[in-house]
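> Okay, handing you the structure first.
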Amino acid sequence: MKANIIFEMAKDGGCSCYMKEDIADFGLSGYGNTPQEAKSDMLQAYEEIKELLVAEGKKPLELKFVYHYDMKSFFEYFDFLNVSKVAERAGINPSLMRKYTSGVANAGEGQYLKLKNAVHSIAHELAEANF
């Protein structure tokens, strides 16, 4: 079963992630200083819930996580990506993109779509690359 996980960066620099929907009477969330820490915290909670369910004689659901990021958490999680180069590829002004990723400005749906298409294009090219 798929579970949508939303990542959000807080104004204080921390990060949270949470399961958008409650599945099987439980929700999941995680917190940390980085998206990686928040994800790790959430996955640890998931493992603990599964252990509790097994101890109660119940079969836990195996969830497949689909991750959704805001721009700031995306570029922090995938910190090997160059924000300016991805912006250029997406047709977004690099200076404006840096404002989005720093939280100074908010991107609209159109900008997110441009970014999504650029990232999918990069992923496709990487998947086809050989050494």
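> Stick to the Cα atoms of the chain, pair each with every other, and give me the Kirkwood hydrodynamic radius in Å at one decimal.
16.3
> Hey, another quick one. Under the 0.36 nm per residue contour assumption, what length would be gained going from the current alpha-carbon distance of Glu125 and Val104 to full extension? Could you put the intermediate results ahead of the total?
Details: separation 21, 0.36 × 21 = 7.56 nm, distance 3.11 nm.
Roughly 4.5 nm would be gained on extension.
> Please report, in debye to the nearest 20, how large the charge dipole of the chain is about its Cα centre when each Lys and Arg carries +1 at its beta carbon and each Asp and Glu carries -1 there. Please list the in-between numbers first.
Details: 15 positive and 19 negative charges, 108 e Å.
Charge dipole of the chain: 520 debye, to the nearest 20.
> Would you tally the net charge around Tyr69, using a Cβ to Cβ cut-off of less than 10 Å, leaving Tyr69 out, and scoring K and R as +1, D and E as -1?
Working: positive: Lys72; negative: Glu8, Asp70, Glu76.
Summing Lys/Arg as +1 and Asp/Glu as -1 gives -2.
> Summarise the accessible area of the chain (1.4 Å probe, protein heavy atoms) by the percent that is carbon and sulfur. Could the numbers behind the result be given before it?
Values: 4430 of 8450 Å².
That fraction is 52 percent.
> Moving to a separate point now. Relative contact order for the chain: what percent, with Cα pairs under 8 Å and sequence separation of 6 or more? Show your work: numbers first, answer last.
Working: 172 pairs, mean separation 26.5, N = 131.
Normalised by residue count, the contact order of the chain is 20 percent.
> Give me the extension gain from Ile23 to Ala55: residue separation times 0.36 nm, minus the current Cα-Cα distance, reported in nm with one decimal. Don't skip to the end; give the middle numbers.
On the way: separation 32, 0.36 × 32 = 11.52 nm, distance 1.90 nm.
Once the chain is fully extended between Ile23 and Ala55, it gains 9.6 nm.
> Filter the DSSP H helices in the chain by two things, a Kyte-Doolittle mean of at least -0.5 and an axial alpha-carbon span of 27 angstrom or more, and list the hits by number. Working shown, then result.
Values: long enough: 35-55 (30 Å, -0.41); 109-128 (29 Å, -0.43).
The answer, listed by residue number, is 35-55, 109-128.
> Taking the chain as a Gaussian network, where each spring joins two C-alpha atoms under 10 Å apart, which residue of Asp22, Asp41, Asp70 fluctuates the most?
Ranking Asp22, Asp41, Asp70 by mean-square fluctuation puts Asp22 first.
> Just grab the label-to-label distance for Phe65 and Arg89, each label 7 Å out from Cα along the Cβ direction, in nm (one decimal).
With each label placed 7 Å out from Cα toward Cβ, I get 2.4 nm.
> Taking a 19 Å limit on the Cα-Cα distance, which of the listed pairs Lys11/Lys72; Lys20/Lys85; Lys11/Lys114; Lys64/Lys114; Lys39/Lys99 fall beyond it? Walk me through the numbers on the way to the answer.
Working: Lys11/Lys72 11 Å; Lys20/Lys85 31 Å; Lys11/Lys114 25 Å; Lys64/Lys114 26 Å; Lys39/Lys99 24 Å.
Too far apart for the 19 Å limit: Lys20/Lys85; Lys11/Lys114; Lys64/Lys114; Lys39/Lys99.
> At 222 nm, what helix-only mean residue ellipticity would the chain give, in deg cm²/dmol to the nearest 500, using -39500 (n - 2.57) for each DSSP H run of four or more? Present the calculation step by step, with values, prior to reporting the outcome.
On the way: 5 runs with 65 residues, N = 131.
When only DSSP H runs of four or more count, the value is -15500 deg cm²/dmol.
> May I ask for the net charge around Tyr31, where only other residues with Cβ less than 9 Å from the Cβ of Tyr31 are counted and Lys, Arg are +1 while Asp, Glu are -1?
On the way: positive: none; negative: Glu37, Asp41.
Surrounding charge for Tyr31 is -2.
> Among Ser102, Ser121, Met71, which residue has its Cα furthest toward the positive end of the charge dipole of the chain, with +1 on Lys/Arg Cβ and -1 on Asp/Glu Cβ?
Going by the Cα projections, it comes out as Ser121.
The values are calculated or read from the model by the stated rules, or taken from the named source; none is laboratory data. Treat the numbers as computed from the prediction; the structure is a model and nothing was measured. Reconstructed Cβ throughout: ideal geometry from the backbone, glycine too, with neighbour counts over all protein chains shown. We work out accessible area using only protein heavy atoms, side chains counted, and drop any ligands, DNA or RNA first. Shrake-Rupley method; radii C 1.70, N 1.55, O 1.52, S 1.80 Å.
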